[in-house]
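First the structure, in the form of structure tokens, and then the observations on it.
The values are calculated or read from the model by the stated rules, or taken from the named source; none is laboratory data. Just so you know, these numbers come straight off a predicted model, no measurement behind them. Don't worry about glycine lacking a Cβ; one is built from the backbone with ideal geometry, like all the others, and counts go over all protein chains shown. Please note that ligands, DNA and RNA were not included when accessible areas were found on the heavy atoms of the full protein model with its side chains. Shrake-Rupley method; radii C 1.70, N 1.55, O 1.52, S 1.80 Å.
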Amino acid sequence: MDIANRRLSRFYSPTEKSALFAYVLLNKTMLQLLIYLLENACRNEISSKEDILRHLWDEQEDFSSNQRLWQVMKDLKLKLRAIELPSDFIVSIKGKGYSVKEYSIVALFYK
């Protein structure tokens, strides 16, 4: 993830003899949502809808709503599918919120 350029990249090998590189650009809200979900997933926490609304919009003094969250989540999931991430990368947990599948997270750091 290239935060400065709001770009999410994926390098993968669908077959033994091929390799693919894909990336998508995220808008500011999608990027903030993904980062928030990943940070909570690293702590094995579910991100409640209320916490997401507060973190993404209310703390920024912007209008929040369940409809707005649903739309941003839908758009983010479409972007993730565009780079061939599994459809269950972000899961909805009924009555609790959202989480990222822990097997999907690998932290990489470089300078």
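Here are the numbers:
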{"item": "Answer residue from the stretch 43-57, given it is open to solvent by 80 Å² or more (accessible area, probe 1.4 Å) and in a helix (DSSP H, G or I) and is farthest from V91 (Cα to Cα) among those", "result": "R54"}
{"item": "Leading residue by the ranking (modelled with the highest pLDDT) among those in the stretch 1-38 that are open to solvent by 60 Å² or more (accessible area, probe 1.4 Å) and among the hydroxyl-bearing types (S, T, Y)", "result": "Y23"}
{"item": "G95, sole failed condition from (1) at pLDDT below 90; (2) surrounded by fewer than 16 Cβ atoms within 10 Å (Cβ to Cβ); (3) under 28 Å from F11 (Cβ atoms)", "result": "(3)"}
{"item": "Selection within the stretch 64-92 - open to solvent by 70 Å² or more (accessible area, probe 1.4 Å), more than 22 Å from R6 (Cα to Cα) and out of contact with any strand residue (DSSP E or B) (no Cβ under 9 Å at 6 or more places or on another chain)", "result": "N66, Q67"}
{"item": "Flag if S65 is polar (S, T, N, Q) and in contact with a Gly (Cβ under 8 Å, 6 or more places away or on another chain)", "result": "no"}
